[in-house]
Amino acid sequence: NDGLNGFTAKSKKKIYNTQGAGVCIDNETGSVVAIVGGRSQSVTGYTLNRAFQSYRQPGSSIKPLVVYTPALENGYTADTVVDDHKFEGGPSNTGDTYHGRIKMREAVERSLNTVAWQIFEKLTPKVGISYLYKMDFSNIVKSDETQAASLGGLTNGVSPLEMAKAYATLENDGAYRDPSCITRITTSDGTKIWENEHEESVVYSQDAARQMTDILQGVFTSSWGTARSLKLGSMPCAGKTGTTNDYKDGWFCGYTPYYTTAIWVGNDTPVRINGLQGASYPGHIWQNFMLKVIENEKLKPKDFAKPVKVTGKIKEDISDEDEKEAEKELEEQKDDQQN
């Protein structure tokens, strides 16, 4: 409500046009502990909960799930050098800006579309989308196995609940848990019929998930990270912005070692919203909520588990000779910045 108080327009049914939804998952259990399906208002008979009943385009917030963590499982590392450039038939970056040969870590931090597109093409859309099937995304269909999916272009879209459970999977070392709100079911006399055992299934390898978390921390900490204004004080956090290219949907999905939260902002009938980006309204709602959780529960800073050092042959996205030249250029750039 606070994050969207500047949007006052309502429909004929007196429902706010610009809406938001969010889901918070306890990383210890994988269970939903908070869910909000829209802005608070007194409308009789209105029951839509956008957190699990609305499906929207996720924009770049999908990249860690279908592009980058799968890439880490297939030989890439945070330091793999990739080529950010405009090419025929491919997407544009925000601001139509390109950085040439850079490390994959920076490509994630800057949310570069061209790099995600190229890696997804090499993985193949079928492989990338398969990870969403493993996490029970309910509206993913065969037609989503296209290049557009690398940037969040999906047939039906995703819900905030689905994005929260997927990012919680990254925090949980790649192990997926069904994000039920139900702890147990009993009879009227207290006899237990069912209890949530928090069963897990492996979606990503432990090391790939930990590497992804390490990279996503840079979205907050690097000088060019898309979430650099959304830090949680001294609490380590990892996350990703998402904005559709027509500014109709904005997402922020992020987590601490304690909780994972996904926030969506947009209109029920999609329209362009001025100023909507993943780091704007969704990001600030996420930040305000997570800071309140930290304050109310008196949570102490806690580091994420570190990835094991990658050994063996590293897959290169460009030639060895080009990589050496790129490394040299990166060092020169650092020297220039220091000077």
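Here is how the numbers come out for the structure above:
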read-out: Too-long pairs where the Cα-Cα distance tops 19 Å, listed order kept, from 126/240; 134/240; 63/165; value: 126/240; 134/240
read-out: Probe 1.4 Å, all protein chains present, accessible-area order of 167, 247, largest first; value: 247, 167
read-out: Top of 128, 38, 20 by mean-square fluctuation, Gaussian network on the chain, Cα under 10 Å; value: 38
read-out: Rounded if a/c under 1.5, otherwise prolate or oblate - region 133-173, Cα gyration tensor axes; value: prolate
read-out: Accessible-area value, residue 202, 1.4 Å probe, nucleic acids and ligands omitted, Å²; value: 120
read-out: Exposed-loop-free span, longest in the chain, where GluC sites (Glu not before Pro) count as exposed if DSSP calls them loop and at most 12 other C-beta atoms lie within 10 Å; value: 89-196
read-out: Residue-span extension gain [residue 33 to residue 133] - 0.36 nm each, minus C-alpha spacing; value: 33.6 nm
read-out: Extension gain (nm, one decimal) between residue 46 and residue 180, 0.36 nm per residue minus Cα-Cα; value: 45.9 nm
read-out: Accessible surface, 1.4 Å probe, highest first, among residues 249, 2, 268; value: 2, 268, 249
read-out: Residue-level accessible surface for residue 203, protein heavy atoms, 1.4 Å, Å²; value: 10
read-out: The chain: relative contact order in percent, alpha carbon pairs under 8 Å with at least 6 residues between; value: 22
read-out: Alpha carbon centroid spacing (whole Å) that separates region 241-303 from region 114-151; value: 23
read-out: Sum of -39500 (n - 2.57) over DSSP H runs of 4+, divided by residues of the chain (222 nm, nearest 500); value: -9000 deg cm²/dmol
read-out: Assigned charges on the beta-carbon of Lys, Arg, Asp, Glu; region 128-235 dipole about Cα centre (debye); value: 380
read-out: Cα gyration tensor shape for region 182-320, rounded if a/c is under 1.5, else prolate or oblate; value: oblate
read-out: Shape category assigned to region 198-255 from the gyration tensor of Cα positions, a/c cut at 1.5; value: oblate
read-out: Once exposed loop trypsin sites (Lys or Arg not before Pro) are cut out (DSSP; at most 14 other Cβ, 10 Å), longest piece of the chain; value: 87-271
read-out: Net charge over other residues, Cβ less than 12 angstrom from the Cβ of residue 137 (K, R count +1; D, E count -1); value: -1
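The values are calculated or read from the model by the stated rules, or taken from the named source; none is laboratory data. Since this is a predicted model, take the numbers as computed values, not measurements. Reconstructed Cβ throughout: ideal geometry from the backbone, glycine too, with neighbour counts over all protein chains shown. Ligands, DNA and RNA are stripped out before the accessible areas are found, and what is left, the full protein with its side chains, is counted by its heavy atoms. Shrake-Rupley method; radii C 1.70, N 1.55, O 1.52, S 1.80 Å.
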